[in-house]
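Notes follow once the structure below has been shown.
Derivation of every value follows stated rules applied to the coordinates shown; laboratory data play no part. Treat the numbers as computed from the prediction; the structure is a model and nothing was measured. Methodologically, a virtual Cβ is constructed for each residue, glycine included, from the backbone with ideal geometry; neighbour enumeration extends over all protein chains shown.
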Amino acid sequence: MTARVREILLILVVSAALLTVLEVLTRLALPQDYHTTSLNGLATAKDDSILGHLNQPGAHVRLDAPEFSVEYVVSEEGFRDEVTHSRPKPDSVLRILLLGDSFTWGAGVAYGGIWPVVFERRCLADGLPVDVIKAGVSGYDTRQEVIYLERLLPKYRPNIVILAFLPNDLVTNLPISGNDSLERRQALEQDSLLVRNQGVKDPSISACRRPIG
């Protein structure tokens, strides 16, 4: 091993040690404490025998953290949404179902700033009569989202389904919470094969394809 290589290795080791010490000191001096308070006695999630958990209809929870404080309100339909979606769907309405995990749910973000609301606002501003169902559930992986989709399709008959896929979904497609029994895992594997193409092509959606940032 040359002297140059030894110097580089020494720098890397010392840097790693310093970063570790800095991380420990930061956590001790500035702990990131999160406090969740139910404002009506309901938690944001409830147990589900297959999916592990679902959003709890009617829940109203406040999350307090060092950098932010945010309230989560779950509609009676189980969505982080402020409207009730009519059934059957009116023919004049373009219904868009949004699926995803905590990113779509809007963890740590006030309702008006979550991307499903921003997307809905942009479409309405462009004159599209959209009905956006915000069906994000924190902690879901792609397989859970697929099963959830199967439950929602016959109820709401969306014209369009959008699934927010993030890089972590490549490696986390196992149930995250709830009962991790073998039967539940097998049900997830089997039910994940049941997705069918229920969408209806509509050229009017092109106006929604612009960036929403």
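Please arrange GLU77, GLU82, GLU145, GLU150 by counting, for each residue, the other beta carbons lying within 10 Å of its beta carbon, fewest first.
With the fewest neighbours first, GLU77, GLU82, GLU145, GLU150 line up as GLU82, GLU150, GLU77, GLU145.
Would you calculate the separation in nanometres between label points at LEU9 and ARG121, each defined as 7 Å from the Cα along the Cα-to-beta-carbon direction?
The two pseudo-label positions are separated by 5.5 nm.
So how do ASP64, ASP141 line up by other beta-carbon neighbours within 10 Å, fewest first?
Arranged by neighbour count, lowest to highest, ASP64, ASP141 become ASP64, ASP141.
Contour minus end-to-end for SER102 and THR20, with contour as 0.36 nm per residue of separation and end-to-end as the Cα-Cα distance?
Length gained, SER102 through THR20: 26.7 nm.
So how much slack lies between GLN32 and GLU150, counting 0.36 nm per residue of separation and subtracting their Cα-Cα distance, in nm?
38.7 nm
With a 10 Å Cβ neighbour count serving as the proxy for reagent exposure, in which order, fewest first, do VAL146, VAL130 appear?
In increasing order of surrounding Cβ atoms, one gets VAL146, VAL130.
Could you check how many percent of all C-alpha pairs in segment 45-141 are farther apart than 16 Å?
It works out to 59 percent of all Cα pairs.
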